[in-house]
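What follows is a set of notes on a single structure, which appears directly below.
The values are calculated or read from the model by the stated rules, or taken from the named source; none is laboratory data. Nothing here was measured: the structure is a model prediction, and the numbers come from that model. Counting neighbours? That spans all protein chains shown, and the Cβs are built from the backbone with ideal geometry, glycine included.
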Amino acid sequence: MTSFFEEQKFTQIWLRVILALVTVIAVAFLLLVLFEIKAGLWNAIWPVLIVLCVTLPFRLMKLSTTVSPDSIGYRFFPFHMKFKYIKKSDIQSVTVGKYSPLKDYGGWGIRLGRKGWAYTIKGSEGISIFLKKGKQILIGTSKPQEADRILRDLGYPVD
């Protein structure tokens, strides 16, 4: 294999349970308002719209990562419509390994932490890219061994 591709989504059970509970509560509220309180359609629908605005993005979000001979690419959909690429020539070093999502970046998602930008969906393993400009970018991965092997095979400066 001469390239790497990974796509991650929010599939954690605890997150799905919370989102399902919030959705059930909103639908129950909708039914209660429509059939019991008779407060009007808008008063019944706005909580459901708010819940959809919160839960739907979690269904749509995905982190895609590519490693090719000349660049590392990432896209955190729907925030990035196109891949962002880091040229191999701009990279000082790359490390694949464990990190602390909460301590280092304050959680998962798109984060700016004390170590730089992080793009993560789940887990605590990632590809840390140290740029020649002095910046650092972390891209979460569920395939650390495969990513490390490909980066080495393609001649990236892996620590």
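Quick notes on this structure:
- Among the residues of segment 50-70, those that are of a type in the set (Val, Ile, Thr) and exposed (fewer than 15 other Cβ atoms within 10 Å of the Cβ) comprise ILE50, VAL54.
- Given (1) touching a residue at least 24 places away in the same chain (Cβ under 8 Å); (2) surrounded by 20 or more Cβ atoms within 10 Å (Cβ to Cβ), number of the condition ALA118 does not satisfy: (1)
- Restricting GLY73, GLY106 to those that are at positive phi and either modelled with pLDDT under 95 or surrounded by 13 or more Cβ atoms within 10 Å (Cβ to Cβ) (or both) reduces the list to GLY106.
- Residue among PHE130, PHE79 that alone is farther than 30 Å from ALA28 by Cβ, hydrophobic (A, V, I, L, M, F, W, C) and exposed (fewer than 13 other Cβ atoms within 10 Å of the Cβ): PHE79
- Test: residue in segment 38-51 that is assigned to a strand (DSSP E or B), on the phi < 0 side of the Ramachandran plot and touching a helix residue (DSSP H, G or I) at 6+ places or on another chain (Cβ under 8 Å): no
- Looking across segment 86-103, the residues that are under 22 Å from GLU125 (Cβ atoms) and among the hydroxyl-bearing types (Ser, Thr, Tyr) come down to SER93, THR95, TYR99, SER100.
Residues checked against (1) aromatic (Phe, Trp, Tyr); (2) farther than 17 Å from GLN136 by Cβ; (3) in contact (Cβ under 8 Å) with a residue 60 or more places away in the chain:
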residue: SER68; (1), (2), (3): no, yes, yes
residue: ILE72; (1), (2), (3): no, no, yes
residue: ARG75; (1), (2), (3): no, yes, no
residue: HIS80; (1), (2), (3): no, yes, no
residue: TYR85; (1), (2), (3): yes, no, no
residue: ASP90; (1), (2), (3): no, no, no
residue: VAL96; (1), (2), (3): no, no, yes
residue: SER100; (1), (2), (3): no, no, no
residue: LYS103; (1), (2), (3): no, no, no
